Amino acid sequence: MPSLFRRGIAILFPVYSARGQTIRKVTSRMGLTRELSWTHPFEAYIKNVEPFVFHAPLRTEPNAEQPLFSIVVPFFNTPDEYLIPLLDSVASQSFADWEMIMADASTDRDRSVRLEELSHGDSRFRYVRLGTNAGIASNTNTGIQQARGRFIVFVDHDDTLSHHALNEAAVVIADHEDVDVIYSDEDAISDDGWYRKRPSFKPSWSPHMFLEMNYTNHLSVIRADLVREVGLLRPDRDGAQDYDLLLRIHALPREITTVHIPKILYHWREAQFSSSRAIGQKSYAMKAGTAAVTDYLDAIGVDHDGVDILPDKPAWYHCHPRWSCRVDVVVMVSDDVRVNSRFEEQLRAATGATWVVPRFRCLPPTADISEQCTASEADAVVVMRAMYLPKDRSWLDELVGALRLPQTAAVAPLLMTGNDNLVANAGFMEHKGQLRPLYHRGDVTFSGLAGLPDLLRDVDGLDDAVVAFPVNTDHPELFLTGVVDGRTWSDRLVLWGLIRLYPAAMPFRDTLLNDNLSPRDALVVLKDTVGI
Amino acid sequence: MENRTVAYLIVTWNNADIIAGCIDSIFAQAGVKSDVYVLDNDSSDDTITQVRKYRKVHLLKSTRNLGFAKGNNVLIRHALRNPDVQWVALINSDAVLDTQWTRNILDYVDGKPSVAAAQGLTLDYYDHHIVDSRHIYVSKRLQGIQYGYTELVDHEAYYPRKVFGVNAAAAMFSRDFIEHQPDPDSYFFDERFYMYYEDVDVAYRALVAGYDSFFVPTAVAYHMGSVSAKKNMKMYPVIMTARNHLAVVYKNTPWRLIFLSMPELLKGIKDFLQQVKHDHGVKGMRKVLGTYVIGLLRLPMYARSRREIRKHTRLGSNYMMVVMRQEGIR
């Protein structure tokens, strides 16, 4: 009987229909059913893990002259239902040494009055009335000019902070005196604030992933001197002003220390009109983001072919750095010279280079390539130790161009299995002292806890199957066989997920499946190509 | 700062053995002028002689037992006649205050507008490693709950913060809040409750009206009652809790939240009844079930209060529910 009932529900309200989603949402809100299944692990995390991850509060007195943190929030006609949770979450911080600049540009008189009234609730709130609403960047700038703190904390007017957010940041500052930028994990809360969902557990500082998307935003804590040094936010970058600011800071000619706090300190409200829900409609934001990345590449002196927006992934930016140089593509897939040269032909046919000048060479897998590469006067080398072929002819330009980005030791593409959507290798990450493969055999369209597999990301290790690196590298290990282990390097190993290589079995399979070929002939072809 | 006057109010009933400790700790408070009022609810032991030993205490005697709610209302009226009194501290006769209790609380809430109440860290009198209460709140099952009850003390982890409401065992209430009650039928505590749940009602009313309540962990008080209450649990508190529970929910909760929380509310009542069955047997459970029916029938009595409280509501119902889900931590 219960199964019949369940089947009836499944027919009347299918899970993947709007009707099914609505009925599940309503019943779970009323407490009749549990919430949608994908939120369960996160609920367990909130209940069983999160209460124990925070540090004990540091005991400090509020310092009105120069507090440690200045929280800068631009308000614009903020309704009470967003305003009060935010002010409560700030006023109840476990760390006391902060101030909050409330830059109010409301056009609604009632909202201004209410905001000012609420600003008396704590002596550390400072209400600043702006004459006109000049956009989010200008409004925030006015707030920053009023800020007296050593660090600026950027918060949006409809979001809330974890009660331990500032304390965690203060602990980091106490540990690393020279820290410039701090960012933390975040999650989303529903418009009414009832539910926390979509946690985003971020990787530690990864400059290459940052080029693709503004993943460090929220909670963003930046040293106030740096913000002033780069000239605050730029009003013409509204929509991506925070991304632009951080990119300009990272483009500064000195080293910027960025620290990641792997705890959820920021709750991003899925407000009806906020960017978290309708980012696809905010084309001006994406234009600003594109311009910000372009500016960054220009500032650090990297040639590039412009910056794209990925069509199915809004707010992801795809940059094309380029490097006009000579490249040695060393094919060392087999001891058999015939297999090597056959694969080299295929690779040559699948490659169309615009900026690089490739030279394809075949070597046995055991050969010492370091001497030969340095002798050949090439600038970069791409080593192929397994038979993978690209579908996109510009792969070599992309792969070698990525080497021009700062702090890049080596670049590898995403290796796929014969099945189009499964990942064969997306680099390795250290876990409990060992290198472990990321997304091994995972679906490339499925976002795990660490995001989608085809992001650009800095990894701890690369598979040696296909690796590109400059010839005059500081890391001679790159010339050797085996998993490239970069855990102790200061430079980074990059998985350039935008290039995908597929196993080279396809042409053979085409031949074998040819109807005109008898099984006997097919065996000959197989022997000939694979070398058995 | 040193001249703040605080009125300390104590309602006693047969507390001759402990009342002296309570009053002593009040006179030991640092940095305030204290104004102590004691109401004796017709004690049969020598409570009055114990209190008379203190010359400064204003002693009021009742010829019948007024109960906690009405007794405190009487005292509050008396205390507020003194125009210097900006803060009223309600102290249970079985509570003892640390010497810095008042000062630490006042230092924290000083200068904040729209403060309804503040409480310190209330520990168990017999074992100072066990918490009696950190604040009270209405859970998402719409039941009043003491936060932190019987947990181990972790002074390192506590920090001052905004909370749902305070436990009236040892708490301060502001004159501002007492004088601006939205509910015309209750001066402060609702006298129709007689006993139990009236502090939950006040806390809920303060939250709904947009007032703030604070928890200040540096102010420590010690409370005997709650931990030992379980030992000789009689039917009376259970009956009163059941009766007043529905009244608190009806008076303060918006219809939308009552509707959305109805399954949780019923689940909570079911669990409560099961607990009663465990403690007092089937007979007791039937009695409590009957009390719920009586509580339902009494609801029209609170209709005017509800109407006025809803009129003065400043907090959105969504955020109300968020605070309930976060166990009363704002």
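For the residues A:Thr27, A:Thr22, the requirement of being part of a helix (DSSP H, G or I) and within 11 Å of chain B (Cβ to nearest Cβ) singles out A:Thr27. Identification of helices (runs of 4 or more DSSP H) wholly contained in segment B:204-298 with 3 or more residues that are of a type in the set (A, V, I, L, M) and closer than 29 Å to A:Arg29 by Cβ yields B:235-252, B:255-260, B:262-298.
Here B:Asp185 passes the criteria (1) crowded, with 19+ Cβ neighbours inside 10 Å; (2) in contact with a Ser or Thr (Cβ under 7 Å, 6 or more places away or on another chain) except the one numbered (1). State yes or no: is B:Phe173 in a strand (DSSP E or B) and within 21 Å of B:Trp87 (Cα to Cα)? For B:Phe173, the condition - in a strand (DSSP E or B) and within 21 Å of B:Trp87 (Cα to Cα) - is met. The set of residues in segment B:140-155 being surrounded by fewer than 18 Cβ atoms within 10 Å (Cβ to Cβ) and part of a loop (DSSP other than H, G, I, E, B) consists of B:Tyr149, B:Thr150, B:Glu151, B:Asp154. Within segment B:122-131, identify whether any single residue is within 14 Å of chain A (Cβ to nearest Cβ), among the aliphatic types (A, V, I, L, M) and either in a strand (DSSP E or B) or in contact with a His (Cβ under 7 Å, 6 or more places away or on another chain) (or both), and answer yes or no. No, segment B:122-131 contains no residue that is within 14 Å of chain A (Cβ to nearest Cβ), among the aliphatic types (A, V, I, L, M) and either in a strand (DSSP E or B) or in contact with a His (Cβ under 7 Å, 6 or more places away or on another chain) (or both). Would you confirm whether any residue within segment B:243-263 is surrounded by 21 or more Cβ atoms within 10 Å (Cβ to Cβ) and within 14 Å of chain A (Cβ to nearest Cβ)? Yes, segment B:243-263 contains a residue that is surrounded by 21 or more Cβ atoms within 10 Å (Cβ to Cβ) and within 14 Å of chain A (Cβ to nearest Cβ). Quick check on segment A:346-363. Is at least one of its residues small (Gly, Ala, Ser) and under 17 Å from A:Cys325 (Cα atoms)? Within segment A:346-363, one or more residues are small (Gly, Ala, Ser) and under 17 Å from A:Cys325 (Cα atoms). Selection of segment B:142-160 for residues being facing another protein chain (nearest Cβ under 9 Å) and either under 29 Å from B:Arg243 (Cα atoms) or in contact with a strand residue (DSSP E or B) (Cβ under 6 Å, 6 or more places away or on another chain) (or both) yields B:Tyr158, B:Pro160.
Determine if segment B:208-220 includes at least one residue that is at pLDDT 90 or above, away from chain A (no Cβ under 14 Å) and within 29 Å of B:His128 (Cβ to Cβ). Checked against the condition, which is being at pLDDT 90 or above, away from chain A (no Cβ under 14 Å) and within 29 Å of B:His128 (Cβ to Cβ), segment B:208-220 yields at least one hit.
Rundown of residues vs (1) in contact with a helix residue (DSSP H, G or I) (Cβ under 9 Å, 6 or more places away or on another chain); (2) among the hydrophobic types (A, V, I, L, M, F, W, C); (3) at pLDDT 90 or above, yes/no style:
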position: A:Trp38; (1), (2), (3): no, yes, no
position: A:Leu68; (1), (2), (3): yes, yes, yes
position: A:Asn77; (1), (2), (3): yes, no, no
position: A:Ser94; (1), (2), (3): yes, no, yes
position: A:Ser106; (1), (2), (3): yes, no, no
position: A:Val113; (1), (2), (3): no, yes, yes
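Mind listing just one residue for me: the one in segment B:283-312 that is among the β-branched types (Val, Ile, Thr) and surrounded by fewer than 18 Cβ atoms within 10 Å (Cβ to Cβ) and, of those, farthest from the other protein chains (Cβ to nearest Cβ)? Filtering first and then ranking leaves B:Ile294.
Restricting segment A:48-89 to residues that are within 14 Å of chain B (Cβ to nearest Cβ) and of a type in the set (D, E, K, R), the residue that is surrounded by the fewest Cβ atoms within 10 Å (Cβ to Cβ) is A:Glu61.
Of all residues in segment A:325-370, those satisfying the criterion of being surrounded by 16 or more Cβ atoms within 10 Å (Cβ to Cβ) and of a type in the set (Asp, Glu) are A:Asp328, A:Glu344. For the condition under 20 Å from the mean Cα position of the chain (by Cα), within 14 Å of another protein chain (Cβ to nearest Cβ) and not in a helix (DSSP H, G or I), A:His267 qualifies. The residue that is surrounded by the fewest Cβ atoms within 10 Å (Cβ to Cβ), counting only those in segment B:264-282 that are within 13 Å of chain A (Cβ to nearest Cβ) and in contact (Cβ under 8 Å) with a residue 60 or more places away in the chain, is B:Lys267.
Yes/no matrix, rows are residues, columns are (1) over 25 Å from A:Ser89 (Cβ atoms); (2) polar (S, T, N, Q):
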{"site": "B:Asn167", "(1), (2)": "no, yes"}
{"site": "B:Phe177", "(1), (2)": "no, no"}
{"site": "B:Gln181", "(1), (2)": "yes, yes"}
{"site": "B:Asp185", "(1), (2)": "yes, no"}
{"site": "B:Phe189", "(1), (2)": "yes, no"}
{"site": "B:Tyr197", "(1), (2)": "yes, no"}
{"site": "B:Val208", "(1), (2)": "no, no"}
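The values are calculated or read from the model by the stated rules, or taken from the named source; none is laboratory data. Computed from a prediction, not measured in an experiment: that's the story for all the values here. Cβ sites come from the backbone with ideal geometry, for glycine too, and all protein chains shown count toward neighbours.
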